[in-house]
Structure formats: structure tokens, C-alpha cells
1. Which residues, counting only those in the stretch 32-85, are assigned to a loop (DSSP other than H, G, I, E, B), touching a residue at least 24 places away in the same chain (Cβ under 8 Å) and under 16 Å from the mean Cα position of the chain (by Cα)?
2. Among the listed residues 160, 139, 182, 130, which satisfies the condition of being away from ligand 2 (no atom under 16 Å from the Cβ) and buried (at least 17 other Cβ atoms within 10 Å of the Cβ)?
3. Between a residue in the stretch 122-149 that is in contact (Cβ under 8 Å) with a residue 24 or more places away in the chain and more than 13 Å from residue 95 (Cβ to Cβ) and any residue that is near ligand 2 (Cβ under 10 Å from one of its atoms) and assigned to a loop (DSSP other than H, G, I, E, B), which pairs come within a Cβ distance under 6 Å, given they are 6 or more apart or on different chains?
4. In the stretch 163-182, how many are away from ligand 1 (no atom under 13 Å from the Cβ) and free of Cβ contacts under 8 Å to residues at least 60 places away in the same chain?
5. If a residue has to be free of Cβ contacts under 8 Å to residues at least 40 places away in the same chain and more than 8 Å from ligand 2 (Cβ to nearest atom) to count, how many in the stretch 203-215 make the cut?
6. Take the residues of the stretch 1-26 that are in contact with a strand residue (DSSP E or B) (Cβ under 7 Å, 6 or more places away or on another chain) and outside any loop (DSSP other than H, G, I, E, B): which is modelled with the lowest pLDDT?
7. Please work out which residue is nearest to ligand 1 (Cβ to nearest atom), limiting yourself to the stretch 189-211 and to residues that are within 30 Å of residue 132 (Cα to Cα) and surrounded by fewer than 24 Cβ atoms within 10 Å (Cβ to Cβ).
Ligand code: PRP
Ligand code: URA
């Protein structure tokens, strides 16, 4: 079934943007070195973050310009970025640049190489006092196992509004998230064709963590 026919498809935004296509072409290329890969990931993260945060709740505030006092809007509530280690770190700076007050809560997850199942190894979430919004950051949404575990963790913390930001997504991962979490909006630069036998995204870009950190 095409991803736009899946239940919850209205919660999925695939960006259509010439600059996104340009950076994606460089990001995917196997001969792009790590230092350039990081730059392209940062550019794509910026565009993705701008789209994903467009409808965040705002509240009125009174501002005195040099000319008069007027009503403006400012972001409302506490906002978190939740990068999934390691590769999600490559998308952090766009968020901290865009929203300097943002809280960053790292989630340590890796995929078991044999089973492709996610393994949780780190978080420092407190037992209470959740943020009002959390943006989960991971360049790759493949089976969706890691993203689902991250979202579960944030929901357990009590976060009422969660957004998922991935540079590249596979139909399998989108289907898993839209069926398991119909309230979570997904923003991606590209929905790729499929997963291969090793659960890598095709055509994809390979292992995002290795490419960002040159390992
Ligand atoms: C990659 C990627 C995601 C996950 C996606 O991380 O950054 O977290 O795989 O796959 P999934 O949707 O099938 O769960 P990886 O496990 O390679 O860890 P790393 O970032 O530390 O290299
Ligand atoms: N993780 C990656 O880094 N790349 C993929 O294609 C799938 C999972």
C-alpha cells in the first residue's frame, strides 16, 4: 500500500523543496566525506525543524518597539529536543540555534546488529515534570523500532505532544509509527522505497551514525 493511503497518513509530511533535494543528493552519495555529510545533515535538519515547529503553540506577549507597544506571539510552554544517540546528534544544532531555550534530553538507543531490534542504554529523564512538547531527532527511520522506543519513553515521562523528525524514512517505519502512535506527527525529507534484508533503507545513505562520526 502506498504510504499516502496508510491510516494516519495525514500525520506525515514529506518535504518537497528544491534545496532539500539538493542536500539529499550530497548526503546520499557514498563518497561524501564526514565533514561535508555533517554540513548537509545540519542544513536538512534546519529546514525540517522550521517545518516541524511551524504550528507550535504560541501565546500573546506585549512588546514595546521604538515606535509603540504592540502585541506579539512567543512560543508557549517547555519544548524538548530528544536526539536518539548517536546519529540524532547530527540534527541538534538546528534546533538549539532556532529555539535557544530548548531543553535537550538525550536518548541512548542502538539497533542490535543481528535482530535490528532497538536496545535502550541511556536516558536521564527525571521521574516527573515532563516538557509540553518533544521533538524526536533521528536522521533515519527504518523499521521504526528505535523511534517507537523513544516515543514510548517520552510518553511514559508524560510528554503530551511529540513530533518525529527524520531526514530519510522507510515506508515500514512510517507504518509502524502511524499505527502505534496516531497522535505523533512525522516530518521527513524523503520517504524511500524499502528496507533491504539487513533492514537498511534503500536507496538510503548507509549507516548514518558511522557517516556523521567517521567511524
Ligand atoms: C540507526 C539510526 C536509528 C536507527 C534506525 O541507529 O540512527 O536510530 O538505526 O533504525 P530502526 O528504525 O530500524 O530502529 P544505530 O542503531 O545504527 O545506532 P548509532 O546511531 O549509534 O550508530
Ligand atoms: N540505520 C541507519 O543508519 N541506516 C539505515 O539505513 C537503517 C538504520
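1. Passing the criteria: 53, 56.
2. Numbers: 160 fails: buried (at least 17 other Cβ atoms within 10 Å of the Cβ); 139 fails: away from ligand 2 (no atom under 16 Å from the Cβ); 182 fails: buried (at least 17 other Cβ atoms within 10 Å of the Cβ).
From the options 160, 139, 182, 130, the qualifying one is 130.
3. Every condition considered, the pairs that remain are 142/170; 142/199; 143/116; 143/199.
4. Filtering the stretch 163-182 down to residues away from ligand 1 (no atom under 13 Å from the Cβ) leaves 163, 178-179, 181-182.
So of that shortlist, the ones also free of Cβ contacts under 8 Å to residues at least 60 places away in the same chain come out as 181.
Result for the stretch 163-182: 1.
5. So the count comes out to 1.
6. Taking the stretch 1-26 and keeping what is in contact with a strand residue (DSSP E or B) (Cβ under 7 Å, 6 or more places away or on another chain), we get 3, 11-15, 20, 24.
Next, from what is left, pick out any that are outside any loop (DSSP other than H, G, I, E, B): 3, 11-14, 20, 24.
Working: 3: 56, 11: 93, 12: 98, 13: 98, 14: 98, 20: 98, 24: 98.
This residue is 3.
7. Filtering the stretch 189-211 down to residues within 30 Å of residue 132 (Cα to Cα) leaves 189-191, 208-209.
Subsequent filtering for residues that are surrounded by fewer than 24 Cβ atoms within 10 Å (Cβ to Cβ) retains 190-191, 209.
Numbers: 190: 15, 191: 13, 209: 3 Å.
Filtering first and then ranking leaves 209.
Yes or no, residue by residue, for (1) more than 16 Å from ligand 2 (Cβ to nearest atom); (2) at pLDDT 95 or above; (3) in contact with a strand residue (DSSP E or B) (Cβ under 8 Å, 6 or more places away or on another chain); (4) closer than 20 Å to residue 27 by Cβ:
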residue	(1), (2), (3), (4)
69	yes, yes, yes, no
76	yes, yes, yes, no
80	yes, yes, yes, no
92	yes, yes, yes, yes
106	yes, yes, yes, no
115	no, yes, no, no
122	yes, yes, yes, no
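The values are calculated or read from the model by the stated rules, or taken from the named source; none is laboratory data. Just so it is clear, the model here is predicted, and its values are computed rather than measured. No Cβ is skipped: glycine too gets one built from the backbone with ideal geometry, and neighbour counts run over all protein chains shown.
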